[in-house]
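Working notes, structure below.
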Amino acid sequence: MSVPYETTAYEPRESPESLEEHLARLLGRALNSFELPDETIRHLDCALAYDSSLHSAHHSSGLHRETYRHTWLLVDGSALTLWELVYNTAPGSEPQHELYVDEEELRTATARLPFPPDNPELDLPVLVQLSPLPEARHAYAPEDSADHARRLLRRAENADRPGTDVAARLATASGHQITQAFGRPCRTRRAGLCFSLYEHAFLLSDGVEISLWEVEHTATPDGRHMCEVYVTEDAARDAMERRAAQVP
């Protein structure tokens, strides 16, 4: 059987803003953006994707305070987070924005504001805490991933291989990772019959991650290698079992 693929590096969400627009908007409205480290800005200039979410909110007597978590996926597969503090200083006043790299700095800045400490036992102020961002499933680095996807689909010989809709989505891939999948063994009758299963995980330009599952096997009349590609792991493993059962 062929040697397992070399692992390429791979790892988020659809947004109406581009990365550059989102970062420019954040820096432009923050009162303290000049205090951010130059190294942080350099990393953000090369980010591949981002996700923003409300972290907490506090409202009382016409005053409000929210904190937002802005997380960027960097080219080395790591994540960088900026914490945005949004508040007003008097009822009806315009909101102010500040950015912090460290969550401890965020807490220090929050403590300066004219709000009582957060207390979940009180009706007011109300603290809203959202669930954390999910961890990315893969580590990755930019590669010629769209071409890899085209080659993978082109060599698939199964009639139920992914269609043109999947191919169109993968044309926007900006990163991928290939790993050999193990687990449920495939029972075979013919001596020397080989099956291997690989996950091809892709990062799309909108931050979405999708995977294709490749089955390589020699369950062919002449024993040659054959490639089949499926959109789910279950479908790929079922195909392996089915092929193995058909071999005399």
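Per 0.36 nm of contour for each residue apart, how much would the distance between residue 20 and residue 144 grow if the chain were fully extended, relative to their Cα-Cα spacing?
Full extension of this stretch gives 42.4 nm more.
Determine, for each peptide in 143-155, 64-76, 207-219, the mean count of other beta carbons within 10 angstrom over its residues, then list the peptides with the highest first.
So the order, starting with the most tightly packed, is 207-219, 64-76, 143-155.
Go through region 160-175 residue by residue and turn each phi into a ³J(HN,Hα) via Karplus (6.51, -1.76, 1.60, θ = phi - 60°); whole Hz please, and just put x for glycine and proline.
Values, residue by residue: 9, 5, x, x, 5, 5, 5, 4, 5, 5, 6, 5, 9, 4, 10, x Hz.
Exactly which trypsin sites (Lys or Arg not before Pro) in region 212-248 are in a DSSP loop and have at most 12 other Cβ atoms within 10 Å?
224
Once you place label points 7 Å from the Cα toward the Cβ at residue 41 and residue 231, how far apart are they in nm?
4.5 nm
Starting from the amide H of residue 176, placed 1.01 Å from N in the peptide plane, find each other amide H under 5 Å away whose residue is 5 or more places distant or on another chain.
141, 143, 203
Expressed as a whole number of Å, what is the distance separating the alpha-carbon centroids of region 220-248 and region 148-168?
Answer, in whole Å: 16.
Under 5 Å between amide H atoms, partner at least 5 residues away or on a different chain: which partners does residue 50 have, H built in plane at 1.01 Å?
For residue 50, the qualifying residues are 13, 73.
What is the set of long-range amide H partners of residue 229 at a cut-off below 5 Å, with H atoms built 1.01 Å from backbone N?
So residue 229 has HN proximity to 157, 158, 215.
So how strong a dipole does region 145-246 carry about its Cα centre when Lys and Arg Cβ are +1 and Asp and Glu Cβ are -1, to the nearest 20 debye?
Magnitude of the dipole: close to 440 debye.
Here, each number is a calculation from the coordinates, and none is a lab measurement. Bear in mind that the values here come from a model prediction, so they are computed numbers and not experimental data. Positions of Cβ are generated from backbone atoms using ideal geometry, with glycine treated the same way; all protein chains shown enter the neighbour counts.
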